[in-house]
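To start, the structure under review is shown below, and the notes come after it.
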Amino acid sequence: MSIISLKFLLLVICLLFIYYIIPQKYRWIILLLGSIVFYYLSSSKLIIFICLSIISIFIIGLKLTKYNEQIKALDKEQKDLKNKYQKKKKRILLFGIVLNILFIIFTKYYNFTISNINIITGIFNIKPLEQTKTLILPLGISYYTLEAISYIVDIYRGKYSASKNPFKVALFLLYFPKITEGPISRFDELSKEFFTPKKIDFNSITIGLDLIVLGLFKKMVIADRAGIYVNNVFGEGLGGSTVIVAIILYTLQIYAEFSGCIDIVRGVSYLFNIKLPLNFKSPFFAKDVQEFWRRWHISLGAWIKEYVFYPISLSKMNMKVVMFAKKHFNNYFYKFISAAFPLLFVWLVNGIWHGASYKYIFYGMYYYIFMMIGLLIEPLSSKIRTKLKINVHIINVIHIIRTIIIVIFGMALFRSTSIAEFFNLIGSIFTKGSGIYEYGIIKIDFIILIIGTIILLLIDTLSEFNKINIEEGFTKKVIIRSLIYTILICSIVILGIYGEGYDASSFIYGAF
Amino acid sequence: MKDFIKLISTLCITFVLSIIILFISSKIFMPKWIDHRMNMMTFIMKGFYAEPKDSLDVIFMGNSDTYRGIDPLVMYHEYGFTSYNFVAAGQRIWTGYSMFEESLKYQKPKIILFNADELFFTKQTSYGNSSKVYDNMPLSINKINSVFDPNYKRSRIVKLAHFLPIFRYHSRYNELTKDDLKYAFYNERYALKGMDMVAYQEPYTGPKDYMKDTGEKMTLPDVSIYYLDKMIERCKQENIEFLLYHTPSPDSSSYARYIAVKEYADSKGIIYLELNNDNKKIGMDWNKDTSDGGDHLNLYGSEKVSKYLGKYLVDNYKLPDHRNEEKYNYWNDDYNTYLNEREKEINSEKNKSN
């Protein structure tokens with residue numbers, strides 16, 4: 001079930017009605033039931049996989065909490081017992097992480113895993129394993145697996161205790177608006193939203209509607225229009241300006257679509273007076289790649305930072321690397337190596353999370369390389385800036401443009417079907433183009449896209465400079481809000497890409 | 001409470017403004033088909049609503065067999081009563097019923113004739129056929145009932161598009177012309193009164209005794225009986241004569257069909273005019289009077305049928321003669337338009353064959 005379908009709308013209306021007529025303390029049960037219905041209608045029997053994840057992290061969470069309490073109860077002198085419990089805790093945690101990773105390996109990453117195993121077994125002339133023709137893809141498995149891991153790791157770290165109610169854990173993973181495309185949430189954040197009794201808040205409902213209408217506009221008017229051109233050009237062996245426009249439009253498409261989807265997801269949650277974390281914060285104002293990833297898919301970056309970067313940075317292995325660098329290199333390289341080692345894992349995880357192929361690993365490495373180059377040349381570029389006394393605003397603009405260019409090519413890699421296709425695409429830029437009006441959209445569509453882009457940039461610019469805060473709604477004035485709604489709704493109906501033969505359910509990030 | 005009032009006000013204002021804009025844009029975005037040959041269905045629908053209220057004596061209902069087989073202007077010219085083919089291509093009985101109800105909102109006819117040809121078709125017709133009816137129907141309880149009739153099976157978005165056709169035609173933003181604006185809110189009288197005039201001749205070469213008893217048996221589908229019963233009942237209440245008829249069409253006629261309809265008509269005490277049994281009396285020439293080898297009639301065939309059927313109607317029912325009434329002068333104008341169109345059509349056909 002797509003989140004921009006009439007079925008979804010009906011489900012939300014029904015749930016809202018029931019949600020607000022029952023006592024506050026039971027409202028989360030309606031969300032859980034709605035989430036089960038949504039998941040079952042979207043993935044039918046594959047709901048079993050998310051159930052297995054829920055059961056596993058519920059039991060493991062309880063075990064970890066039990067050990068946490070036992071450790072707490074120990075005297076300072078009982079170090080041996082403490083270490084014993086710590087080891088047991090670690091083993092349970094590892095088991096939980098591995099188990100949940102295995103679920104995703106045997107579903108989404110099955111063929112990728114098999115092909116890699118075959119490469120290794122091929123060396124020893126062992127008969128290759130067969131790949132499956134139809135991959136099992138439980139809805140949102142990439143998202144809820146990260147959430148499941150965060151739940152048990154947080155309990156392991158003593159951030160909070162495990163929930164004693166398996167249905168509350170179930171709601172955390174299953175919550176229907178976010179299951180398709182995130183944002184990747186944490187149990188402690190969401191449990192405050194789900195399980196704290198809340199009154200009906202009409203202001204929250206209004207903000208929710210603002211986000212939903214804006215999200216639909218982004219998806220149906222901008223993203224899907226850009227998508228027509230992109231689909232007609234990518235992989236077709238075209239060149240020059242035709243390809244350059246496709247690459248730029250793909251970045252526009254994915255931004256409008258992903259941020260639009262998140263707007264809808266967060267908007268629907270606001271209707272239930274539930275606030276989900278932000279996932280985008282004016283990403284095209286980033287001055288470097290690191291900053292871009294702090295503004296783009298924020299919840300993924302935050303998860304990787306919390307559960308990959310920190311553990312690796314504090315690991316014994318990294319300590320050894322850091323010590324080695326300190327001993328053998330000067331301060332400049334020491335700092336560089338200290339960051340480079342854990343970041344390598346960060347970008348490997350980022351890449352592999354996005355998809356089951358080497359292209360995605362390369363995608364992660366693409367950003368890693370730019371990040372490392374940035375770190376390496378920073379002292380030099382800093383010196384040049386000081387010497388030339390260039391205005392800081394000009395520098396910022398140059399950095400923003402540089403980052404946008406890197407991101408646009410990164411997105412082209414993301415869209416390409418293979419690494420080879422990406423390089424062919426880049427090469428084709430230097431060949432002759434074949435116009436831009438013959439690939440599914442015409443002049444008026446480009447005008448609509450330009451206006452749409454200006455609207456997106458305007459919202460981002462005003463947000464960046466704190467002139468508006470979408471979290472507080474478009475405006476306080478009824479007439480202005482009504483006019484904005486009318487313009488957006490009529491634009492969606494008149495200019496939206498929908499109708500027979502168009503699959504409204506396909507979101508690019510919905511496949512993860 | 002303040003937030004609640006604000007939210008409700010916002011939703012109400014947005015709803016009203018959006019509906020107004022989408023209604024206007026629906027009118028602009030709907031294809032206009034300036035020439036009736038490109039889309040005669042829209043002309044039939046819009047033309048019906050453009051006829052003065054309570055000005056029609058007879059309404060012919062049915063599918064393409066009617067708009068190719070009945071010529072209201074010939075009937076007017078010969079006998080003086082006014083009529084209109086309020087029909088739809090590939091019509092199904094549930095659409096026929098909604099058009100029947102619709103017709104009674106605007107006209108008080110003395111007779112309604114319903115073509116029996118469609119009674120045997122129960123599968124959904126094409127989207128284009130039904131949408132041209134529902135898209136052009138003004139909003140009313142009848143339209144809501146018709147669009148949401150369980151027998152009319154379409155997706156929710158398609159049904160919604162019948163009320164706001166912008167949902168279907170929104171992609172026309174890149175092909176709008178001045179005419180789309182000019183004809184957006186205009187119901188033009190359709191001078192041919194629901195007729196589709198074609199001069200093309202393609203002879204029917206099948207057996208001439210296609211109405212002979214072959215032993216085959218047919219029964220009317222339940223869905224047809226259901227809607228026919230409703231129409232007959234309503235006509236009784238309104239004191240309107242309800243007749244079943246079938247225009248000559250070797251392709252879609254058989255003895256079995258004739259008997260099935262006749263049995264139903266007899267059981268209800270209504271007249272059934274199976275004109276396929278009267279081909280000789282009508283003077284049908286299957287070499288000249290059909291445009292597609294026996295399925296539909298051309299203008300020569302429809303003229304013969306109209307003269308024959310018109311005579312039957314004036315002989316058996318009290319129908320007024322409006323030919324000298326000033327109020328109906330526009331019918332004379334329309335007849336002149338019809339003659340011009342007829343000449344053009346015949347010449348065009350001659351030029352093609354030359």
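The values are calculated or read from the model by the stated rules, or taken from the named source; none is laboratory data. These numbers come from a predicted model, not from an experiment. Heads up, the Cβs are rebuilt from the backbone with ideal geometry, glycines too, and the neighbour counts pull from every protein chain shown. Ligands, DNA and RNA are excluded from the accessible area calculation, which covers all protein heavy atoms including side chains. Shrake-Rupley method; radii C 1.70, N 1.55, O 1.52, S 1.80 Å.
Among the residues of the stretch B:132-145, the one identified as assigned to a helix (DSSP H, G or I) and within 15 Å of B:LEU22 (Cα to Cα) is B:ASP135. Note on the stretch A:434-466: among residues that are part of a helix (DSSP H, G or I), more than 14 Å from every other protein chain (Cβ to nearest Cβ) and of a type in the set (A, V, I, L, M), the one that is farthest from A:PRO283 (Cα to Cα) is A:ILE450. Beta carbons closer than 6 Å, at least 6 apart along the sequence or on distinct chains, pair a first residue in the stretch A:223-252 that is open to solvent by less than 20 Å² (accessible area, probe 1.4 Å) with a second that is part of a helix (DSSP H, G or I) and of a type in the set (Phe, Trp, Tyr) for A:VAL230/A:TYR250; A:LEU249/A:TYR229. Checking the stretch A:381-392 against the condition returns no match, with no residue being touching a residue at least 12 places away in the same chain (Cβ under 8 Å) and over 26 Å from A:LEU348 (Cα atoms).
Counting only helices (runs of 4 or more DSSP H) that sit completely within the stretch B:1-99, those holding 1 or more residues that are more than 14 Å from every other protein chain (Cβ to nearest Cβ) and touching a Ser or Thr at 6+ places or on another chain (Cβ under 6 Å) correspond to B:64-69, B:72-79. Give the stretch B:227-260 a look and list any residue that's over 20 Å from the mean Cα position of the chain (by Cα) and not charged (D, E, K, R), or say none. Within the stretch B:227-260, B:GLN237, B:ASN239, B:PRO250, B:SER254, B:TYR255, B:ALA256, B:TYR258, B:ILE259, B:ALA260 qualify. For the stretch B:134-145, the condition holds for no residue, the condition being that it is crowded, with 16+ Cβ neighbours inside 10 Å, touching a helix residue (DSSP H, G or I) at 6+ places or on another chain (Cβ under 9 Å) and within 14 Å of chain A (Cβ to nearest Cβ). Of everything listed in (1) assigned to a helix (DSSP H, G or I); (2) away from chain A (no Cβ under 14 Å), the single unmet condition for B:VAL158 is (2).
Residue by residue, here is whether (1) crowded, with 21+ Cβ neighbours inside 10 Å; (2) polar (S, T, N, Q); (3) not in a helix (DSSP H, G or I) holds:
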{"residue": "B:ILE232", "(1), (2), (3)": "no, no, no"}
{"residue": "B:LYS236", "(1), (2), (3)": "no, no, no"}
{"residue": "B:PHE242", "(1), (2), (3)": "yes, no, yes"}
{"residue": "B:ASP285", "(1), (2), (3)": "no, no, yes"}
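The conditions of being of a type in the set (Gly, Ala, Ser) and either touching a Ser or Thr at 6+ places or on another chain (Cβ under 6 Å) or assigned to a loop (DSSP other than H, G, I, E, B) (or both) are not met by B:SER171.
Of the residues screened, A:PHE202 is one that is within 14 Å of another protein chain (Cβ to nearest Cβ) and among the aromatic types (Phe, Trp, Tyr). Tallying residues that are crowded, with 17+ Cβ neighbours inside 10 Å and among the hydroxyl-bearing types (Ser, Thr, Tyr) within the stretch A:452-466 yields 2.
Scanning the stretch A:72-93 for any residue that is touching a Gly at 6+ places or on another chain (Cβ under 8 Å) and either more than 26 Å from A:LEU300 (Cα to Cα) or outside any loop (DSSP other than H, G, I, E, B) (or both) turns up nothing. In the stretch B:186-230, the qualifying residues are those that are open to solvent by 90 Å² or more (accessible area, probe 1.4 Å) and outside any loop (DSSP other than H, G, I, E, B), and the one that is farthest from B:PRO31 (Cα to Cα) is B:ASP222. Can you find even one residue in the stretch B:146-154 that is assigned to a helix (DSSP H, G or I), charged (D, E, K, R) and more than 11 Å from chain A (Cβ to nearest Cβ)? For the stretch B:146-154, residues assigned to a helix (DSSP H, G or I), charged (D, E, K, R) and more than 11 Å from chain A (Cβ to nearest Cβ): absent.
Only a single criterion out of (1) in contact with a Phe, Trp or Tyr (Cβ under 9 Å, 6 or more places away or on another chain); (2) at negative phi is not satisfied by B:GLY62, namely (2).
Filtering the stretch A:467-477 to residues that are buried (at least 18 other Cβ atoms within 10 Å of the Cβ) and at the interface with chain B (Cβ under 9 Å from one of its Cβ atoms) leaves nothing.
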